[in-house]
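The values are calculated or read from the model by the stated rules, or taken from the named source; none is laboratory data. Model, not experiment: these values are computed from the prediction. We place every Cβ from the backbone using ideal geometry, glycine too, and count neighbours over all the protein chains shown.
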Amino acid sequence: MSDTSPSEKPLNETWLILGASSAIARAFARAASAEADILLAGRDRTDMEATAADLRARSGRRAGVVAFDATDYASHAATVAQAKAFAGDGLLNIFLAFGTMPSQGEIDADPALIAKVIEANYTGAAHILHVAAPVLEARRAGRVVVLTSVAGDRGRLKNYVYGSAKAGLNAYLQGLRARLFRAGCTVTTVKPGPVDTAMSYGLNDMPMMAAPETVAAASLKAAKKGAETLYTPGIWLIIMTIIRLIPERIFKKLNI
Amino acid sequence: MTRWKKMTLTGWGRSHVASVEAARPERPRDLDEAMADTASGTLIAHGAGRAYGDSALNTNGRVVLTERLDRVLGFDAATGLVICEPGVTFANLMEIFLPRGFMPAASPGTSFATVGGALAADVHGKNHDRHGGFGDHVEWFDLLLADGTTRRVDAQNDAELFAATIGGMGLTGIVRAVAFRLLPNASPWVRVKERRIRDLDEYIEAFATIRDRSTFSVGWIDAVATGAALGRGILETAEFEAHDTLPKPRNPHRVPFDFPGFALNHFTVKAFNAQHYRRVPQTGRERRKSFAEFLYPLDALHGWNRIYGKRGFYQFQCVLPDAGARAGLRRLLEAISEAGNPSFLAVLKTLGRSGRGHLSFPMRGFTLALDFPRINGADGLLRRLEAITLDHQGRIYLAKDSLLTREGFRAMYPLLPRFERVLAKVDPASRLMSDQARRLGLKGAP
Ligand SMILES: Cc1cc2nc3c(=O)[nH]c(=O)nc-3n(C[C@H](O)[C@H](O)[C@H](O)COP(=O)(O)OP(=O)(O)OC[C@H]3O[C@@H](n4cnc5c(N)ncnc54)[C@H](O)[C@@H]3O)c2cc1C
């Protein structure tokens with residue numbers, strides 16, 4: 001028998017999904033909605049309404065939609081305010097899953113793309129997290145999960161602009177983790193290997209493609225544990241450890 | 001910009017292989033873009049690829065994989081009306097709705113099939129006498145047409161396009177949402193009765209009595225038995241049963257490689273079939289099974305189509321009207337055992353009534369389905385079975401078909417002219433095209 005009084009019953013939780021139209025975000029929302037309400041944030045409202053309906057039909061829990069544009073910084077405060085209202089006096093968690101990945105070739109042909117890659121992958125992410133952080137701090141609880149990439153672990157010939165944006169985000173998250181730790185919140189950096197999504201579909205035959213559901217389930221589990229960093233699938237921890245250990249004078253000659 | 005990926009696709013029987021360019025939309029707008037991006041050239045929807053032959057293939061053309069359009073868009077427990085994107089599978093529907101007591105009214109024998117594929121083939125289940133086919137429960141659907149527009153179609157506002165799309169094998173457009181009714185009072189458990197049937201005559205009589213009494217019924221036939229045992233098998237009937245636990249999720253196994261061609265020969269199949277027949281005691285037996293295990297016996301073995309080896313196999317399924325069924329089934333089974341092609345999955349069911357589509361397969365009668373390894377002589381056998389089917393006013397199921405002739409097709413589907421009139425209207429340039437449509441001479445294929 002449990003003798004918890006009503007005031008001690010676990011708080012209702014909401015996951016704010018930033019960049020909700022990706023396959024990983026959809027899979028994460030489905031997994032998380034078993035135990036939490038979901039607020040989907042992104043630009044494609046038609047698509048998000050469909051996902052919200054799907055979540056409601058599956059779990060019977062609340063699922064809503066809010067407009068969010070990563071590079072329209074001025075709008076971030078409104079997005080966060082709506083998320084705060086949606087969560088009510090429950091907990092607010094954040095899953096951040098947006099980003100863009102033009103190929104290195106496209107960037108070489110049009111260096112103007114560099115600013116866009118940095119804005120979408122770094123500035124937009126850091127900015128919305130900065131705006132949202134005080135909400136989590138005020139509640140003295142909450143979880144932040146951010147998808148970065150193994151590409152951020154080492155600059156590579158084939159992907160170094162995208163990689164450097166993700167590397168910057170990784171460093172930002174280390175700082176944010178220290179800050180939110182003081183308020184009892186956790187920050188989990190998720191570094192997936194190649195995932196079978198629209199972003200990678202048809203690019204080239206990458207062998208070890210993970211299913212979005214695999215990455216989503218691992219991310220949710222890591223978040224619940226409050227893990228700092230997650231490589232998913234797990235093999236990428238080994239791969240990236242080796243890649244980081246290769247001396248630069250050799251690495252620069254490699255065609256990867 | 002749509003990204004098209006070059007790939008090789010096969011039907012479930014792996015007899016047809018096609019090189020295609022495939023798009024895999026995740027959002028509604030990706031689907032619109034894929035259609036717009038194919039202003040010239042041809043396109044066909046591809047669901048879970050469970051059609052056996054070439055229905056969802058388009059050699060040297062394009063396909064749209066619908067697997068990622070997999071959301072349930074709404075559900076009303078008061079009416080049972082559910083709205084789905086086309087890539088939602090029967091496994092999804094069962095997982096979400098069966099615990100709440102709702103089931104799809106018609107479910108094919110594999111839960112991997114998608115709702116889009118079910119509408120396009122107007123699939124039937126083991127309860128067709130009682131509940132009809134998939135199309136009978138469709139309220140409306142949203143159809144993306146070749147001109148890039150989307151139309152919401154129901155039986156009133158565009159009766160002809162509605163009838164052409166249900167059972168229309170993807171040739172009118174790409175279905176992007178379907179609203180259909182689930183049936184209440186379903187349970188995750190059924191009580192299954194199994195009994196031995198000595199021969200074909202006993203089968204016909206048994207079905208004549210149970211088809212109106214049982215909710216579910218399906219017969220398995222030992223297709224290598226001959227003489228007095230011709231048509232012997234096991235008849236299963238099932239009713240829902242209340243029970244206070246949920247079935248354990250099934251633990252699937254995977255066929256890890258293509259079996260060598262000799263693995264399935266006359267002797268192994270004969271031994272297997274005889275053993276399968278004796279599995280059920282002479283007096284019959286009764287047990288509780290999970291609904292999923294009853295409906296989808298093969299789904300626990302992923303990739304079971306590989307046991308037929310690299311050359312693949314054909315599936316043949318026809319329906320014969322009640323009147324000539326006894327004589328027709330006898331001739332079919334005789335032709336099969338004479339040919340000596342070792343078929344070990346032969347299924348006999350009854351269908352209750354015609355479907356709503358121009359090309360809907362069901363009609364009141366008996367339906368026989370068999371797998372044939374693609375060995376020498378298999379093509380000739382299928383031709384003979386087609387002729388026997390025609391002789392008995394029957395028809396062959398397009399979702400299972402690999403070799404049907406143009407003449408046979410026209411004779412079996414009397415509403416074809418109406419179907420073709422709709423195609424001429426909604427897709428005058430024949431942009432929606434499949435290998436099957438080409439083979440059957442649809443859409444002006446030379
Ligand atoms: C083991 C097994 C058992 C089966 N048992 C039965 C049974 O009992 N009863 C029965 O009726 N059938 C049965 N089938 C056949 C199966 O149900 C049909 O072939 C069904 O169409 C498969 O759906 P799919 O999603 O795999 O479609 P696919 O095989 O990918 O496509 C089939 C057809 O549907 C069209 N299509 C798919 N999606 C769309 C869309 N969104 N819009 C328009 N057209 C679309 C395709 O163009 C193609 O013409 C069985 C198949 C297997 C493998």
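Here are some notes:
- Considering B:Arg71, B:Arg50, B:Arg62, the condition of being within 12 Å of chain A (Cβ to nearest Cβ) and basic (Lys, Arg) is satisfied by B:Arg71 alone.
- Meets criteria (within 19 Å of B:Gly125 (Cβ to Cβ), part of a loop (DSSP other than H, G, I, E, B) and within 16 Å of the ligand (Cβ to nearest atom)) for B:Arg213: no
- Boolean, B:Val192 is near the ligand (Cβ under 8 Å from one of its atoms), touching a helix residue (DSSP H, G or I) at 6+ places or on another chain (Cβ under 8 Å), more than 14 Å from every other protein chain (Cβ to nearest Cβ) and not in a loop (DSSP other than H, G, I, E, B): no
- Positions within the stretch A:212-240 being of a type in the set (A, V, I, L, M), at pLDDT 95 or above and out of contact with any strand residue (DSSP E or B) (no Cβ under 7 Å at 6 or more places or on another chain), in sequence order: A:Ala216, A:Ala217, A:Leu220
- When B:Asp30 is tested against (1) surrounded by 24 or more Cβ atoms within 10 Å (Cβ to Cβ); (2) of a type in the set (Asp, Glu); (3) within 13 Å of chain A (Cβ to nearest Cβ), only condition (1) is not met.
- Residue match in the stretch B:27-39 (condition: over 18 Å from the mean Cα position of the chain (by Cα), closer than 27 Å to B:Val190 by Cβ, assigned to a helix (DSSP H, G or I) and of a type in the set (Lys, Arg)): no
Residue-wise test of (1) within 14 Å of another protein chain (Cβ to nearest Cβ); (2) closer than 19 Å to B:Arg431 by Cβ; (3) not aliphatic (A, V, I, L, M).
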position: B:Lys6; (1), (2), (3): yes, no, yes
position: B:Arg14; (1), (2), (3): no, no, yes
position: B:Pro25; (1), (2), (3): yes, yes, yes
position: B:Ser40; (1), (2), (3): no, yes, yes
position: B:Leu43; (1), (2), (3): no, yes, no
position: B:Ala77; (1), (2), (3): yes, no, no
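- Meets criteria (over 25 Å from B:Asp401 (Cβ atoms) and away from every other protein chain (no Cβ under 14 Å)) for B:Ala36: yes
- Residue within the stretch B:4-13 that is in a loop (DSSP other than H, G, I, E, B), within 15 Å of the ligand (Cβ to nearest atom) and under 25 Å from B:Asp147 (Cα atoms) present: no
- Sole residue being among the hydrophobic types (A, V, I, L, M, F, W, C) and modelled with pLDDT under 95, chosen from B:Leu359, B:Leu345: B:Leu345
- Any chance B:Arg374 is modelled with pLDDT under 95 and under 23 Å from B:Gly49 (Cα atoms): yes
- Check on B:Leu119, within 14 Å of another protein chain (Cβ to nearest Cβ) and crowded, with 22+ Cβ neighbours inside 10 Å: no
- The stretch B:375-446 holds helices (runs of 4 or more DSSP H) entirely within its bounds, and those carrying 2 or more residues that are away from chain A (no Cβ under 14 Å) and away from the ligand (no atom under 16 Å from the Cβ) map to B:378-391, B:406-412, B:416-426.
- Tally of residues being more than 18 Å from B:Leu404 (Cβ to Cβ), crowded, with 17+ Cβ neighbours inside 10 Å and away from the ligand (no atom under 13 Å from the Cβ) across the stretch B:307-321: 1
- Condition met for A:Thr46 (free of Cβ contacts under 8 Å to residues at least 40 places away in the same chain and among the β-branched types (Val, Ile, Thr)): yes
- Those residues of the stretch B:87-102 which are of a type outside the set (Val, Ile, Thr) and within 12 Å of chain A (Cβ to nearest Cβ), in sequence order: B:Gly87, B:Asn92, B:Leu93, B:Glu95, B:Phe97, B:Pro99, B:Arg100, B:Phe102
- Residues within the stretch A:27-55 that are of a type outside the set (A, V, I, L, M), part of a helix (DSSP H, G or I) and within 12 Å of chain B (Cβ to nearest Cβ), tallied: 7
- Tally, over the stretch A:218-231, of residues that are within 18 Å of A:Glu35 (Cα to Cα) and buried (at least 17 other Cβ atoms within 10 Å of the Cβ): 5
- B:Ala48 being more than 10 Å from the ligand (Cβ to nearest atom) and assigned to a loop (DSSP other than H, G, I, E, B): no
- Counting the residues of the stretch B:158-185 that are within 13 Å of the ligand (Cβ to nearest atom), within 14 Å of another protein chain (Cβ to nearest Cβ) and of a type in the set (Gly, Ala, Ser) gives 1.
- The helices (runs of 4 or more DSSP H) located wholly in the stretch B:65-157 that include 2 or more residues which are in contact with a helix residue (DSSP H, G or I) (Cβ under 7 Å, 6 or more places away or on another chain) and either closer than 30 Å to B:Met433 by Cβ or within 15 Å of the ligand (Cβ to nearest atom) (or both) occupy B:115-121.
- If you check B:Ala51, B:Ala56 for being out of contact with any Ser or Thr (no Cβ under 9 Å at 6 or more places or on another chain), surrounded by 20 or more Cβ atoms within 10 Å (Cβ to Cβ) and hydrophobic (A, V, I, L, M, F, W, C), only one passes: B:Ala51.
- Within the stretch B:290-305, the residues that satisfy the criterion of being more than 10 Å from the ligand (Cβ to nearest atom), assigned to a helix (DSSP H, G or I) and in contact (Cβ under 8 Å) with a residue 60 or more places away in the chain are B:Phe291, B:Ala292, B:Phe294.
- Any pair with Cβ under 8 angstrom, 6 or more apart, that starts in the stretch B:409-437 at a residue that is closer than 12 Å to B:Leu359 by Cβ and in contact (Cβ under 8 Å) with a residue 12 or more places away in the chain and ends at one that is away from the ligand (no atom under 13 Å from the Cβ) and polar (S, T, N, Q): B:Met412/B:Thr389; B:Leu423/B:Ser430
- Of the residues A:Ala83, A:Ala70, A:Ala132, the single one that is surrounded by 15 or more Cβ atoms within 10 Å (Cβ to Cβ), touching a residue at least 40 places away in the same chain (Cβ under 8 Å) and part of a loop (DSSP other than H, G, I, E, B) is A:Ala70.
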